[in-house]
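The values are calculated or read from the model by the stated rules, or taken from the named source; none is laboratory data. Computed from a predicted model, the values in this text were never measured in an experiment. Don't worry about glycine lacking a Cβ; one is built from the backbone with ideal geometry, like all the others, and counts go over all protein chains shown.
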Amino acid sequence: MKTLYDVQQLLKQFGIYVYLGKRMWDIEVMALELDHLHQARVIDDKTFARAKIVLTHEHRIEEQLARKN
């Protein structure tokens, strides 16, 4: 799992589709949904950790872009 698209595909396997219209919000909601899946033990620790790393990375990129604008 390397990209935001990969995380979206993981969530999609569980019927979770996230689109709020703003990329930053999408990333934040995906992180919450990922937390819920992990707490329910639907996804393993390794998958959870990798997906969280991807989301954290993407969130930082969005924060930097927001600061520039």
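Gln9 meets the conditions (1) touching a residue at least 24 places away in the same chain (Cβ under 8 Å); (2) surrounded by 11 or more Cβ atoms within 10 Å (Cβ to Cβ) in every case but one. The failed one is (1). For the range 41-60, filtered to residues that are closer than 17 Å to Tyr5 by Cβ and charged (D, E, K, R), the residue that is surrounded by the most Cβ atoms within 10 Å (Cβ to Cβ) is Glu58. Residues that are at pLDDT 95 or above and farther than 18 Å from Thr3 by Cα within the range 21-40 comprise His36, Leu37, His38, Gln39, Ala40, listed in sequence order.
Is it the case that the range 29-36 has a residue that's in a helix (DSSP H, G or I) and farther than 27 Å from Gln64 by Cβ?
yes
What do you reckon, is Glu63 among the charged types (D, E, K, R) and crowded, with 16+ Cβ neighbours inside 10 Å? Considered against the rule, which asks whether it is among the charged types (D, E, K, R) and crowded, with 16+ Cβ neighbours inside 10 Å, Glu63 comes out as no. Residues in the range 37-60 that are of a type in the set (D, E, K, R) and assigned to a loop (DSSP other than H, G, I, E, B): Arg41, Asp44. The residues in the range 1-22 that are outside any helix (DSSP H, G or I) and either within 10 Å of Val54 (Cα to Cα) or touching a helix residue (DSSP H, G or I) at 6+ places or on another chain (Cβ under 6 Å) (or both) can be counted, and the count is 6. One residue is enough: does the range 26-40 have a residue meeting the conditions surrounded by 11 or more Cβ atoms within 10 Å (Cβ to Cβ), free of Cβ contacts under 8 Å to residues at least 40 places away in the same chain and of a type in the set (S, T, N, Q)? Scanning the range 26-40 turns up no residue that is surrounded by 11 or more Cβ atoms within 10 Å (Cβ to Cβ), free of Cβ contacts under 8 Å to residues at least 40 places away in the same chain and of a type in the set (S, T, N, Q). Only one entry in Ile43, Ile16 is farther than 16 Å from His59 by Cβ and in contact (Cβ under 8 Å) with a residue 24 or more places away in the chain, namely Ile43.
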